[in-house]
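Student: Would you mind keeping the following structure in view while I ask a few things?
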Amino acid sequence: MAIKFKDVKIKGSKNKLNFNIEISKTYGLIGNSGSNKTKILELICGLEIIESGQVEILGDTLSGGSNEKDFFKVRKNIGYLFENPSEQFFQETVYDEISFALKNFNYKKDDIDNHVKKAIKLVGLDEKYLDRNPFTLSCGEAKKVALASILVYNPKIILLDDPTIGLDFKAKADLLKLLRVLKKRYNKTIIIASKDIDFIHKIVDHVLVIDQDKVVLSGTKYNVFSNQKILKRIGINAPKLILFSDIVKKEKNINLGYRDDINDLMKDVYRYVK
Amino acid sequence: MDNLVNIENMKFAYDNNVVFENFKLSLKKGKWYTLCGPNGSGKTTLIKILLGILKPKGIIKFDSKLLVESSTFEIRKDIGVVFSNVNNQFVQETVYDEVAFKMVNMGFDKKVIDERVSQILKYFDMSKIVDENPHKINNSKKQLVAFASAIVSEPKLIVIDEALTKCDDQDKEKVISLLNELVKEGATVINVTNNMEDSIYSDEIIILEKGSIYLMGPLKEVFEDEIKLNRLGIELPFIVLLSHRMKFYELIDDVILDMKSMVDELWQ
């Protein structure tokens, strides 16, 4: 397991959280506003206080009694992309921003240069950006720089809080492509908290549904998104692909089967209609 | 149909960086527009111009009144704006005061304010939280407070800047059906967004690209133009993408915008 939540209570919440995150899998964390999605991510990287219980992260344990040394150990393995990337910027150039963690981890200067160049290339930005002021970037560019400043130290776990907010279609497509690379080529464990259910549906393996501080539904995306009874009760709409298949089933009594790619769904539709 | 906004021969530049040149746009009363386009295409600049924050060259008329320095304040009263980052927007200590704020400033009678504020908060199911601090409620409810504040004074133009995407699904449905009512009564809505799934609720789409109108027209008309849409790399709504493929397979003739009609057409 990459992460284990054991009877974890977030400060101010009523219920205890229990769930596991498998290594090298991508998870979607969904739930309405106030369901503590962001706090769960913050808790994993030691930014939120654990009231009771334990979080195990790749063998290390965080609890209410953890100190800075424990957090430091855990954070080396974790990259956290804030919803608003400018919240995590505090350097004057993109280079300084991306290299910051490496300096903290005492890397040598030549190594730092190499890693920074690799990271900016990986997120799809030109090296020219390294001299820019991070606060003058567009939302899409800022997210890429924020991601580069995480990927540069090669964390095993990547957490993303509402990553598609504010992105235009090009930036959103780039993000999807990059996440696929991180997932398939680099075997990262990824958790994405988002309201963008159609985006989540395209990329994740598993889904955790949070309601009133507890996991009310979890499993493969197929199992979760097929359970429309619970989703409806909470007030979350299923991805459009699933809604369409449901209408076909209801209206025509045809079972198109589960698809997470619109091209596959369209081939199915074509086959049935023809 | 009457126009609410008429822009002609508009020019605007940030220092040497020209955003609009010879720009022309008309927005009708009683229509819901989706305004989209890549980052840097001029969406935000256009909205800032309509709000009187930026001063371009050219002619801009709002409800037949010329938008100039002296008329900005009057015109602003007729525009309700909802931003995505509501935390910077709230200035009052309670949800009630926040929603009432603009009407109080506009000098409405206390009784009318009370009636309208209570009515809209009831509609959004927030009657129980009127005394709470708007900064301390959850993000979706914050967004509803921002919508209520923008709409309560019954403005002629409602501008939504990426604000629908932050609402929970059920809250979003409430906002959409209220906006639909207001549009029927003659209000104009501009939803600035790159989430094209939300364009389905609008009447017309305006796609900006490098300060020019790349495509504009009723939903179906714009979505039929597959080549131009693909050239810009726009992420199309699911149902439009499905329509394009089904058209390619010659299973349907035109773009269909709702799932039930699509199913009926395919398996007729």
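The values are calculated or read from the model by the stated rules, or taken from the named source; none is laboratory data. Since this is a predicted model, take the numbers as computed values, not measurements. For neighbour counting, all protein chains shown are included, and Cβ atoms are generated from backbone atoms with ideal geometry for every residue, glycine included. We work out accessible area using only protein heavy atoms, side chains counted, and drop any ligands, DNA or RNA first. Shrake-Rupley method; radii C 1.70, N 1.55, O 1.52, S 1.80 Å.
Student: Compare the Cα positions of B:Trp32, B:Gly186, A:Tyr129 along the charge dipole of the protein assembly as shown (+1 at Cβ of Lys, Arg; -1 at Cβ of Asp, Glu; about the Cα centre) and return the one farthest towards the positive end.
Tutor: Value: A:Tyr129.
Student: In a GNM of chain B with a 10 Å cut-off on Cα contacts, which of B:Lys166, B:Lys142, B:Lys122 has the highest mean-square fluctuation?
Tutor: In the Gaussian network model the winner is B:Lys122.
Student: What is the percent of Cα-Cα separations in the stretch A:3-235 that go past 28 Å?
Tutor: Tail of P(r) above 28 Å: 30 percent of Cα pairs.
Student: Would you mind telling me which residue in A:Ser99, A:Ser24, A:Ser13 has the biggest mean-square fluctuation in a Gaussian network model of chain A, where springs connect alpha carbons within a distance under 10 angstrom?
Tutor: A:Ser13
Student: Hey, another quick one. For the protein assembly as shown, what does the helix formula give at 222 nm: sum of -39500 (n - 2.57) over DSSP H segments with n ≥ 4, over the residue count, nearest 500 deg cm²/dmol?
Tutor: Result for the protein assembly as shown: -11500 deg cm²/dmol, rounded to the nearest 500.
Student: For peptide B:165-173, compute the average count of partner chain beta-carbon atoms within 10 Å of each residue's beta-carbon. List each step's numbers first, then the result.
Tutor: Working: counts 6, 4, 3, 10, 10, 6, 3, 3, 2.
Counting Cβ atoms of other protein chains within 10 Å of each residue's Cβ and averaging gives 5.
Student: About its Cα centre, how strong a charge dipole does the protein assembly as shown have in debye, to the nearest 20, once Lys and Arg get +1 and Asp and Glu get -1 at the Cβ?
Tutor: Result for the protein assembly as shown is approximately 1180 debye, rounded to the nearest 20.
Student: What is the Cα centroid distance between the stretch B:191-229 and the stretch A:192-217, reported in whole angstrom?
Tutor: Here the two parts' Cα centres lie 29 Å apart.
Student: So, one more: Shielding of A:138-148 by partners, i.e. mean partner chain Cβ atoms within 10 Å per residue?
Tutor: That works out to 1 on average.
Student: Between rounded, prolate and oblate, where does the protein assembly as shown land on the alpha carbon gyration tensor, with a ≥ b ≥ c its root eigenvalues, rounded for a/c under 1.5, else prolate if a/b exceeds b/c?
Tutor: Rounded, because the longest to shortest axis ratio a/c is under 1.5.
Student: For chain A, calculate the relative contact order in percent as a whole number, restricting contacts to Cα pairs under 8 Å that are 6 or more residues apart.
Tutor: For chain A, the relative contact order is 23 percent.
Student: Considering the convex hull of the alpha carbon atoms of the stretch A:1-48, report its projected area averaged over all viewing directions, in nm², one decimal.
Tutor: 3.5 nm²
Student: Do any chymotrypsin sites (Phe, Trp or Tyr not before Pro) in the stretch B:199-268 lie in a DSSP loop with no more than 15 other beta carbon atoms within 10 Å, and if so, which?
Tutor: Answer in residue order: B:Tyr249, B:Trp267.
Student: Rank these residues by their accessible area, most exposed first, probe 1.4 Å: A:Cys45, A:Cys139.
Tutor: Of A:Cys45, A:Cys139, the descending order of accessible area is A:Cys139, A:Cys45.
Student: Say each of B:Thr72 and B:Asp109 gets a label point 7 Å from the Cα, pointing the same way as Cα to Cβ; how far apart are those two points in nm?
Tutor: 3.3 nm
Student: Roughly what would the spin-label model give for B:Lys55 and B:Asn230, points 7 Å off Cα along C-beta, in nm?
Tutor: The two pseudo-label positions are separated by 4.7 nm.
Student: Still on this model: Let me confirm one metric for peptide A:34-46, namely the mean number of other chain beta-carbon atoms within 10 Å of its residues' beta-carbons.
Tutor: On the way: counts 6, 2, 1, 0, 1, 0, 0, 0, 0, 0, 0, 0, 0.
Mean shielding by partner chains, rounded to a whole number: 1.
Student: Continuing with this model, one more query. So for the pair B:Ser64, A:Tyr222, with labels modelled 7 Å out along Cα→Cβ, what separation do we get in nm?
Tutor: My value for the distance between the label points is 6.3 nm.
Student: Another question, if that's okay. Exceeding 32 Å between C-alpha atoms, which entries from my cross-link table qualify? They are A:Lys177/B:Lys24; A:Lys156/B:Lys172; B:Lys110/B:Lys136; A:Lys144/B:Lys24.
Tutor: Result: A:Lys177/B:Lys24; A:Lys156/B:Lys172; A:Lys144/B:Lys24 exceed 32 Å.
Student: For the full complex of protein chains and a 1.4 angstrom probe, list B:Met246, B:Met106 by accessible area with the highest value first.
Tutor: If we order B:Met246, B:Met106 from most to least accessible, we get B:Met106, B:Met246.
Student: For chain B, set up a GNM with springs between Cα atoms under 10 Å and report which of B:Val192, B:Val18, B:Val240 has the largest fluctuation.
Tutor: Maximum fluctuation in the GNM of chain B, among the listed residues, is at B:Val18.
Student: Right, something else. How large is Rg over Rh for chain B, taking Rg from the Cα atoms and Rh as the Kirkwood inverse mean of 1/r across Cα pairs?
Tutor: Reported Rg/Rh (Cα atoms, Kirkwood Rh): 0.99.
Student: Any idea of B:Tyr123's accessible area? Nearest 10 Å², probe 1.4 Å.
Tutor: 90 Å²
Student: Select from B:Leu67, B:Ile151, B:Ser127 the residue farthest towards the positive end of the dipole of chain B; place +1 on Cβ of Lys and Arg, -1 on Cβ of Asp and Glu, and compute about the Cα centre.
Tutor: B:Leu67
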